[in-house]
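What follows is a single structure, written as structure tokens, with notes after it.
The values are calculated or read from the model by the stated rules, or taken from the named source; none is laboratory data. All of these numbers come straight from a predicted model, not from anything done at the bench. Ideal geometry is used to build each Cβ from the backbone, glycine not excepted, and the neighbour counts take in all protein chains shown. Side chains are part of the model used for accessible areas, which takes the heavy atoms of the whole protein and leaves out ligands, DNA and RNA. Shrake-Rupley method; radii C 1.70, N 1.55, O 1.52, S 1.80 Å.
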Amino acid sequence: MKTRITYAWEQLRSTYWFIPIAMVAAAVALSTGSLLIDRTVQGQGLQSARWLYSGGPAEARALLSTIAGSVINVAGVTFSITMVVLSLASSQFGSRLMRNFMRDTGNQVVLGAFLATFVYALLVLQAISEVEGRVFVPHISVTIGMLLAVVGVVVLIYFIHHVSASIQAENVIAQVGRDLDEAIERLFPERTEPTCREGRLQASRRGQGVLEGPGHPIPAAETGYLQAIDREGLMRIATEEDLVFHLQYRPGNFVVEESDLLVVWPAEELDEELVKRIVDAFILGARRLHLQDVEFAVNQLVELAVRALSPGINDPFTAIQCIDRLGASLARLAERGTPAAHHCDDEGALRLITDVVTFSGVVETSFHQIRQNARLDVAVTIRLLETLAIVASHARNQEQRSALQRQAEMVWHSSQETFPEGRDRDDVKQRYHLVLRALRED
């Protein structure tokens, strides 16, 4: 359930309608409350207060009409500018980064502020009345409308600054880097987690002997990227039904309809209701999400770097910034533990076997494509080796050191074959030995 709620919230955050509609609803509630207060205090002489609007009904209508007309026009311009920025970002950074701009809370709040002010002004405007000599002018409500108009001016100034800053490459890279760091904090433990194989698996009723036999495969009901897995739900089902699940995919993998999502032990037929409960724990969609997929943010940084290295753009400085961010995140990752592949219930019985992301896999995802596309760029190649040396200083085990050394060797061998200038090759060799020293010292 927690995974479903997190997934639904992530989907809502990526829309341009949720926050504006919530702010419009707040404007409706605000107008209702302020008008109720105005009707309650009518005739008590509050309109003489200096901080309150003190004009008549005609002036109030003109003022609110001006506010409503102005803010809806500004909202239209804001939306048009946002679409232009999204189009520019798509062509410059790639369509997969569009979701980051869609998730930008600042733009959503700006649009919502203008729409909320428009709705508030309309609702207060229709409440002004002159019937049979009885005049009702909601002085408090009109004053609040004026304050909202002033806030709208501040919001417009913020929007102009924010939208121009959001399309700068360094800010885009920094945001994706923060998403990657958050994913590492969320998905990788601070210390290596104990697994069922370390002590408890031997005492489990479902030990190795049961898993050696054939299991019952459960196929996928649709095609798409595996966006999230409700592991708590699967653990609960496995415990209740006395089963063991072996997941065949991890979040971020592409799943083809009718391919095996998981294998269940013991290999007995499961009823349709139980199969549906199991399949519902897997969330598939048309795109990858960063909720449980640390490699998704890595791929975004890699895409930025590869685009920058393409002949049409030829921007090695952007590629170097991406490498710097990847190096900082990998250094953080090297100091954390590896997620457990085997999960037991409270009694120590094995219930869930998962496919986990390894440090070496993240390193390969981070550097393979950048290294291949930077074969002719000396500056990027040198920064790759310098970054590997930094990450190597944080490595804690042989698996991490081996992964970093493989990358350094491939970078060095590639440079010896492609760089015609001897001094460039010497510079690369110097950085390569820097990586080796960092690995030995650690």
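Observations on the model:
- Residue in region 178-193 that is closer than 25 Å to L261 by Cα, at pLDDT 65 or above and surrounded by fewer than 16 Cβ atoms within 10 Å (Cβ to Cβ) present: yes
- Unmet criterion (only one of (1) buried (at least 17 other Cβ atoms within 10 Å of the Cβ); (2) modelled with pLDDT of 90 or more) for V428: (2)
- Residue check for V275: at pLDDT 90 or above, farther than 22 Å from L187 by Cα and among the hydrophobic types (A, V, I, L, M, F, W, C): no
- Flag if E295 is among the acidic types (D, E) and buried (at least 16 other Cβ atoms within 10 Å of the Cβ): yes
For every residue, the table says whether it meets (1) out of contact with any strand residue (DSSP E or B) (no Cβ under 9 Å at 6 or more places or on another chain); (2) in contact (Cβ under 8 Å) with a residue 60 or more places away in the chain.
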site	(1), (2)
H216	no, no
G224	no, yes
L243	no, yes
H246	no, yes
L270	no, no
A286	no, yes
L289	no, yes
V298	yes, yes
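- Exclusive hit being acidic (D, E) and open to solvent by less than 30 Å² (accessible area, probe 1.4 Å), set D324, D345, D355: D345
- For region 337-362, a residue qualifies if it is at pLDDT 85 or above and within 18 Å of H394 (Cβ to Cβ), and the qualifying residues are V357, T358, F359, S360, G361, V362.
- Enumerated strands (runs of 3 or more DSSP E) restricted to region 224-315, each holding at least 1 residues that are under 16 Å from the mean Cα position of the chain (by Cα) and under 23 Å from V362 (Cβ atoms): 224-229, 282-285
- Residues (in contact (Cβ under 8 Å) with a residue 60 or more places away in the chain and in contact with a Pro (Cβ under 9 Å, 6 or more places away or on another chain)) located in region 248-268: Q248
- Taking residues in region 78-96 that are on the phi > 0 side of the Ramachandran plot, and partners anywhere that are open to solvent by 40 Å² or more (accessible area, probe 1.4 Å) and assigned to a helix (DSSP H, G or I), the pairs with Cβ atoms closer than 8 Å and at least 6 places apart or on different chains are G94/R307.
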